[in-house]
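The values are calculated or read from the model by the stated rules, or taken from the named source; none is laboratory data. Quick caveat, the model's predicted, so the values are computed rather than measured. Cβ atoms come from the backbone with ideal geometry, glycine included; neighbour counts cover every protein chain shown.
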Amino acid sequence: MILADERGIALLEVLIAGVILSVVTLGLALMFSLGQSSVVAEGGERIALYLAQKRMEELRTMGLASAASEPEQGIPGFPGFLGRTTVSAGNDLDGSGNVPRVIKVSVRSTVRQAGPVTVTAVYFRH
């Protein structure tokens, strides 16, 4: 016996609606999770950039001519961040015998999802 005037919602329709709603909710949850991790990583990179710039300013204050390479070590007051200073000789491009010094300060985080940040300065003796 088939009823011509069927009203209401069938169980199959409710299940399909539940699956669609679950997929949409899962997609939104993943989107918010990825957004959160991007914000955390950006915060770590900003802190690393601040620390690298701060170290470069310290070297400029002391004089870039006296800057020396330092191994990677922890940064006081900023647990989870490691800094390294590298000093190398550049190329004498004009043949004047005036070889520049390339000073690089790199900072990376061991706890945040941030890539290493490097600040570079070139020192020419006058």
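So residue 84 ticks every box in (1) crowded, with 18+ Cβ neighbours inside 10 Å; (2) in contact (Cβ under 8 Å) with a residue 24 or more places away in the chain; (3) among the charged types (D, E, K, R) but one. Which box is left unticked?
All conditions pass for residue 84, except number (2).
Criterion first (out of contact with any Lys or Arg (no Cβ under 9 Å at 6 or more places or on another chain) and surrounded by 13 or more Cβ atoms within 10 Å (Cβ to Cβ)) does residue 36 satisfy it?
When the stated conditions are applied, residue 36 does not pass them.
Within the range 38-46, is even one residue under 18 Å from residue 117 (Cα atoms), in a helix (DSSP H, G or I), at pLDDT below 85 and polar (S, T, N, Q)?
yes
Return yes or no: is residue 32 aromatic (Phe, Trp, Tyr) and in contact with a strand residue (DSSP E or B) (Cβ under 6 Å, 6 or more places away or on another chain)?
Here the answer is no, as residue 32 does not meet what is asked.
Of all residues in the range 100-120, which are of a type in the set (A, V, I, L, M), part of a strand (DSSP E or B) and buried (at least 17 other Cβ atoms within 10 Å of the Cβ)?
Narrowing the range 100-120 to residues of a type in the set (A, V, I, L, M): 102-103, 105, 107, 111, 114, 117, 119.
Now restrict to residues that are part of a strand (DSSP E or B): 102-103, 105, 107, 117, 119.
The answer is 103, 105, 107, 117, 119.
Surrounded by 14 or more Cβ atoms within 10 Å (Cβ to Cβ) and either free of Cβ contacts under 8 Å to residues at least 40 places away in the same chain or not aromatic (Phe, Trp, Tyr) (or both): which single residue out of 15, 30, 51 fits that description?
51
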